[in-house]
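Asker: Here it is: the structure, laid out below.
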Amino acid sequence: MPRTHELVEVSGLIEEVKLWLEKREINLFLFDLDGTLLDTQKVFDKKIKQAMLLFVAHSPGWDIDQARKRFNEIDFEEFRIFGVNPQRLRSTVSRLSSEHYLSCQVKEEMTKLIMEVYKTSPPFMEGTLAILGVLRQAGVQLGAVTHANKDWTDFKIDTSGLKHFFNKIFVVDENGVKDWHSWKEAISQFGVEPENVAVVGDSLKGDIISAGEAGVKHLFWLDSQSWDPYGKNKVPQNVRVIKRLTDVISTMVEEADLII
Ligand SMILES: [Mg+2]
């Protein structure tokens, strides 16, 4: 019976995941949201592309790749001012429009297209439900530490159906940066010590290096090549680099018997 066989396999897996958790005294798994559990990048790419097509239609001599490149340059600069506040995208569109003397009407249409990001439910990353399901069954507490607008976070959590997996969701101030203070504060709100926490995230600096600085020892960096305003950083030695979320589980199974 395939169904029974699958159940046996999963229960075997969960025992090994439990063993990994017990040996390392981990009782909380914290996840970043955007680019880690939710493929927010896909939504941004789609909406920005639509806005840039409109831009190109009103900017003779510019193609979509040039437009997207300039958008990214301005957006990166605006991140330093606005962080992840949605106002950043408005400001980026405004600057791009000014540079090209676009009419207010075109600017407003571009803004409207891009701001649809905040009304669109992002799809899951590959393996999101699998990893949360396995960890939940293994009995570890789960939480999200996200750096984003609070209302948008509520929207994403409500529409994705992820809420029931998490014991708590911690939102880092949208106007600030995600640093070691953010992780320390988030961890303290769960009432656990950093050494009893494992972290999974896609931003090497904002998630992994910062959580490490807050005292977390078990760090999984999802090298997903997604938007990362913190730029390039060196991967610290103790970090486990993964290509997809389910690699967290396979790594735990492989390491289950080891003392790491
Ligand atoms: Mg992220």
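All of the numbers you see were taken from the coordinates with simple rules; none came from a lab. Owing to the predicted nature of the structure, the values given are computational and were not obtained by experimental measurement. Cβ coordinates were reconstructed from backbone atoms using ideal geometry, including for glycine residues, and neighbour counts include every protein chain displayed.
Asker: Using a ≥ b ≥ c from the Cα gyration tensor of the stretch 1-149 (square roots of the eigenvalues), is it rounded, prolate or oblate, where a/c under 1.5 gives rounded and otherwise the larger of a/b and b/c decides, a/b for prolate?
Answerer: In terms of gyration-tensor shape, prolate.
Asker: Obtain the radius of gyration and the Kirkwood radius of the stretch 124-179 from its C-alpha atoms and give Rg over Rh.
Answerer: Using only Cα positions, Rg/Rh for the stretch 124-179 is 0.99.
Asker: Distance between Cα centroids, the stretch 201-233 to the stretch 30-47: provide it in whole Å.
Answerer: 15
Asker: Assuming a ≥ b ≥ c are the square roots of the Cα gyration tensor eigenvalues, decide whether the stretch 41-116 counts as rounded (a/c under 1.5), prolate (otherwise, with a/b larger than b/c) or oblate. Spell out each step's value before the answer.
Answerer: Values: a/c = 1.44, a/b = 1.34, b/c = 1.07.
Rounded, because the longest to shortest axis ratio a/c is under 1.5.
Asker: First measure r as the distance between the Cβ atoms of residue 100 and residue 136, then evaluate 1/(1 + (r/R0)^6) with R0 = 51 Å and state the FRET efficiency to the nearest 0.05. The partial results should precede the final answer.
Answerer: Values: r = 50 Å, r/R0 = 0.98.
Efficiency at R0 = 51 Å is approximately 0.55.
Asker: Working from Cα positions, state the angle (0 to 90°, nearest 10) between the long axis of helix 104-115 and the longest principal axis of the chain.
Answerer: For helix 104-115, the angle is close to 10 degrees.
Asker: Over all directions, the average projected area of the alpha-carbon convex hull for the chain comes to how many nm²?
Answerer: Average projection, Cα convex hull of the chain: 15.1 nm².
Asker: Can you give the net charge of the other residues whose Cβ lies under 12 Å from the Cβ of residue 254, counting K and R as +1 and D and E as -1?
Answerer: Neighbourhood net charge equals -3.
Asker: Here's a follow-up. Any idea how far apart residue 225 and residue 246 come out in nm if each label point goes 7 Å out from Cα toward Cβ?
Answerer: For the pair residue 225/residue 246, the computed spacing is 2.0 nm.
Asker: Within the set of other residues whose C-beta is less than 11 Å from the C-beta of residue 116, count the net charge using Lys and Arg as +1 and Asp and Glu as -1.
Answerer: +4
Asker: Okay, moving on. Checking the cross-link filter: which lysines have an alpha carbon closer than 26 Å to that of residue 18, excluding same-chain neighbours under 8 positions apart?
Answerer: 163, 168, 184, 217, 243
Asker: Okay, moving on. Starting from the Cα gyration tensor of the stretch 133-260, take the square roots of the eigenvalues, sort them a ≥ b ≥ c, and report rounded, prolate or oblate (rounded when a/c is under 1.5, otherwise prolate if a/b is larger than b/c, else oblate).
Answerer: On the way: a/c = 1.42, a/b = 1.16, b/c = 1.23.
It is rounded, given that a/c, with a ≥ b ≥ c, falls under 1.5.
Asker: Oh, and also: When the helices in the chain are scored as -39500 (n - 2.57) per DSSP H run of 4 or longer and the sum is shared across all residues, what 222 nm value do you end up with, to the nearest 500 deg cm²/dmol?
Answerer: After summing the helix terms and dividing by the residues of the chain, the value is -16000 deg cm²/dmol.
Asker: In Å and from the alpha-carbon atoms only, list the Rg and Dmax of the stretch 179-236.
Answerer: For the stretch 179-236, the Cα-based Rg and Dmax read 11.1, 32 Å.
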